[in-house]
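Nothing in this text is a laboratory measurement; each read-out follows from the coordinates by a stated rule. What you are looking at is a predicted structure, and each value in this text was computed from that prediction instead of being measured. We place every Cβ from the backbone using ideal geometry, glycine too, and count neighbours over all the protein chains shown.
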Amino acid sequence: MAIAKMKKLTLISFHEKKDQLLQSIQALQRFEVVDLPSSDLGDYQVSAYEVDSLETIIKKFETRIDQVQAVLSFIQPHLPKTSMVKKLKEKKKEYSLEELEQEIFKFSPHDLVSNLLNKQQQLESLAEEQKRLIEEEMFLSNWKKLNFKQADVQQMQHVTGSVGTVPQNVQNAYINQLKESELLYVEEVYQNKDEHGIFIFYDKQNEQAIKQLLNDSHFENLTERFKQTPSDQLTAVQQQQKELKKRKSNIKRELEQMTNEEWQLMLTEEYYEAKLQRERSKLLLVDEKHLFIMEGWLEEEKVSSIKLALTDNFSEDDFALIVDDVKEEEYDQVPIVLKNNGYVSPFESITSMYNLPKYNEIDPTPFLAPFYLLFFGMMAADLGYGLLLWVATFVALNYFNFDGGMKKNLRFFHLLSYPTMLWGILYGTFFGAPLPFIILSTTDDVITILIISVVLGVVQIFFGLGINTYLKWRSQDKYGAFADGIGWIGIFAGLILLLAGNMLLENELLGTIGGIIAVLSALGIILATTLGTENKGLGIGLGVYNLYGITGYVGDIVSYTRLMALGVSSASIALAFNMIIGFIPVWGRFTVGILLFLVLHAVNIGLTMLSAYVHGARLIFVEFFGKFYEGGGKALAPLKASEKYIQLKNQKES
């Protein structure tokens, strides 16, 4: 239960082996490549031409991945729907990187993507055409009663006509202006809220006057759109719509059968992602004339794996591998891997959310886990809520397949269900209803629960100070160990004895001993701070100022009262919801009442779990970590495959 021990590896090989070697390293999923051009070896820069060439290749793979993802997004809505339960039960297929590459060679990714992009463009074109035809149909539907085509007026010698629209106006001013004119005949075909559709006749001799009149009335001439009669055009448009619909249906029917193509696209994305990561890693290498140099970080226990992988795929003359211990000056650069057992590792997410430790620090996860369990349970505190959480996470873990990160989160909440049920038993609540036995009542024993909360807080603060004392002592800072650890433990222990002796036990001697311990501890903090500072006068001032920190400790202790507040409020809200349901008549409790029970308690469960999660983390981050933990480490970022759709086969180890 600690930070994994790391090794720094230097690998030297020939340029022609670069791709194969990177693939072998990627299969390990645990090797982080160091950016050598930015390090002390920066004099051996990759040439500008090679950098440009690599960036071009990287851009090419990024473009291909974007195309594959776009095509997947296009095809998936057309495929038969798979239930969420079935998806979660399906286990990812396992491939090695070599097997993945062999699968890709069985088909042409380029042809596959091009074919689907073509179908996407066809559907988009058909959609545009369908939109145009719908607009045309709406237009012609207005004119379908008109038995007219452009050729009719073109054949007339003395009289001509036009078809068009006049906009609606207050009191129908425009259309009335045309109807009242003696120069033309107006037949109104249709009318809607926007316009009048009209058919007009007039003598060709009056064409100039008619033209001015039509302009004044904002007449829009649509004659040229009627090469055939509206009814004939409407029939043709409707026939085109049927044919278009059939073409769309055929394409969609083809897409519905492309489950195998979907899987090929997924494999293609995995393959391109793996290739992309390898190409990006080449920017982190240093090239010489015939050789290249790679450096990286690897867990000590995985060193045998990389040696085995290299010897299996290359002869000993093809590479040189140098394994070095981590130097003290490299501590800030070493990536961090936390190693804990199955009960503690789910709580690594809490540590990571705050900050990973540096390589020379301790992993705080084993120390925070029991406190977080205790605090979460005390704030959630309901047997029914805990049982529901246990069942949900148990089913998810045992009957569905999730990736590693999700599994760890589910184990995290599964572990939290146990203290939630335990505190629910102590508080005697089951979905807000009282159990036959109640050890601590959230209504009658609030003060007792408050005292327990404060006691738990003091215990955690003592524990944090104890860890700080150990860390200072380990680093040979004896004065710091007393000033920042032992001294404060003494002050609080003395104050506890003082209060217990004078207020609880009425034992004057015990109170006096407690007071003496507290005073001596305070003087010891000033003395230790002074001795640990070269300027003794400044040291005394710093020691006195250090004692001012007791106000912060008082605030820390008060913060733990939220354990009581949230636990009591959750139980009270649940009880209030049950009372509301109890007011419903008996016949309604088994209909509306059941639905109301589910909805109200679902809301309370969500708020309770969220509050317990957030405030539990806050107590860890501020009140606990603030006593001993700094952090600042960075997580291991290995060269790996994405494993979005497949599971990479475990690399064999010696």
Given 0.36 nm per residue, what is the gain on full extension from F314 to K327 after removing their alpha carbon distance, in nm? 1.7 nm
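Would you mind getting me the FRET efficiency between L509 and L531? Use the beta-carbon distance for r and R0 = 35 Å, nearest 0.05.
Working: r = 32 Å, r/R0 = 0.91.
Given R0 = 35 Å and the Cβ-Cβ separation, E is 0.65.
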Could you let me know the centre-to-centre spacing of the range 304-323 and the range 139-201, using Cα atoms, in angstrom? 88 Å
So what's the gap between the Cα centers of the range 382-461 and the range 62-113, to the nearest angstrom? 41 Å
Paramagnetic reach from Q29 in the range 89-125 [backbone N under 15 Å; point 7 Å along Cα→Cβ]: 91-100
About the Cα centre of the range 496-634, how large is the charge dipole given +1 on each Lys and Arg Cβ and -1 on each Asp and Glu Cβ? Please answer in debye to the nearest 20. 480 debye
Between (i) 30.3, 102; (ii) 39.2, 130; (iii) 25.1, 78, the structure-derived Rg and Dmax of the Cα atoms in Å is (ii)
Under the 0.36 nm per residue contour assumption, what length would be gained going from the current alpha-carbon distance of D232 and L523 to full extension? 94.2 nm
For the range 428-522, what does the relative contact order come out to in percent, with C-alpha contacts under 8 Å and a separation of six or more? 17 percent
Obtain the nm distance between the two label points defined at M406 and E98 by a simple spin-label model: each point lies 7 Å from its Cα along the Cα-to-C-beta direction. 3.1 nm
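Rounded to the nearest 20 debye, what is the charge dipole size of the chain about its Cα centre when +1 sits on each Lys and Arg Cβ and -1 on each Asp and Glu Cβ?
Values: 62 positive and 79 negative charges, 392 e Å.
Value, rounded to 20: 1880 debye.
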R0 = 25 Å: FRET efficiency of E220 with E182, Cβ-based, nearest 0.05? 0.65
Can you figure out the FRET efficiency of K307 with K634, using R₀ = 25 Å and their beta-carbon distance, to the nearest 0.05? 0.45
With DSSP loop assignment and no more than 12 other C-beta atoms within 10 Å, the GluC sites (Glu not before Pro) in the range 164-214 are E180, E182
Within 10 Å of each residue's Cβ, count the other Cβ atoms and sort H601, H615, H110, H290 from fewest upward. H290, H110, H615, H601
Simple spin-label model, 7 Å along Cα-to-Cβ: A500 to I57 in nm? 7.0 nm
Do any GluC sites (Glu not before Pro) in the range 71-126 lie in a loop, going by DSSP, with at most 14 other beta-carbon atoms within 10 Å of their beta carbon, and if so which? E90
Long-range tail of P(r) for the range 148-228 (Cα pairs > 17 Å, %): 42 percent
Net charge of Cβ neighbours under 10 Å - reference V326; Lys, Arg +1; Asp, Glu -1: -2
Among M421, T561, G466, whose Cα sits farthest toward the positive end of the charge dipole of the chain (+1 at Cβ of Lys/Arg, -1 at Cβ of Asp/Glu, about the Cα centre)? M421
Run the numbers on the chain and let me know its relative contact order in percent, using alpha-carbon pairs under 8 Å that are six or more apart. 23 percent
Residue farthest toward the positive end of the dipole of the range 148-228, with Cβ of Lys/Arg at +1 and Asp/Glu at -1: which of I175, L222, I200? L222
Extension gain K144-A70, at 0.36 nm per residue separation less the Cα-Cα distance, in nm? 22.3 nm
